[in-house]
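Asks: Take a look at the following structure, please.
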Amino acid sequence: MEWLYLMPGEERYTKFQDENGVPRIRYAYCSLHGKLFNCTCRSKDEAQRLCEDWLVTQDRCYIN
């Protein structure tokens, strides 16, 4: 996969098939603080749920 250049708040995904022919999604998101989340999932919805869970943990890091 090529390097991704995402602006804060931007997401990107690509569809592909794994070695068994199963459809997959490569998903990447750049948080508003510039941290990158990426994963490979079965669907975009699943990837976005994982990203939302990740964002919750990231927000906890910035609470003073």
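Asks: Using the Cβ atoms and a cut-off under 14 Å, what net charge is assigned to the surroundings of residue 18, where Lys and Arg are +1 and Asp and Glu are -1?
Replies: It works out to a net charge of +3.
Asks: For segment 11-61, state the semi-axes of the equivalent ellipsoid (square roots of 5 times the eigenvalues of the alpha-carbon gyration tensor), sorted largest first and rounded to whole angstrom. Display every interim value, and only then the final one.
Replies: Details: eigenvalues 112, 21, 10 Å².
Semi-axes (√(5λ), whole Å): 24, 10, 7.
Where a number appears in this text, it was derived from the coordinates with a stated rule and is not lab data. These numbers were taken from a predicted model, which means no experiment stands behind them. Because the Cβ atoms are built from the backbone with ideal geometry, glycine has one as well, and the counts that use them run over all protein chains shown.
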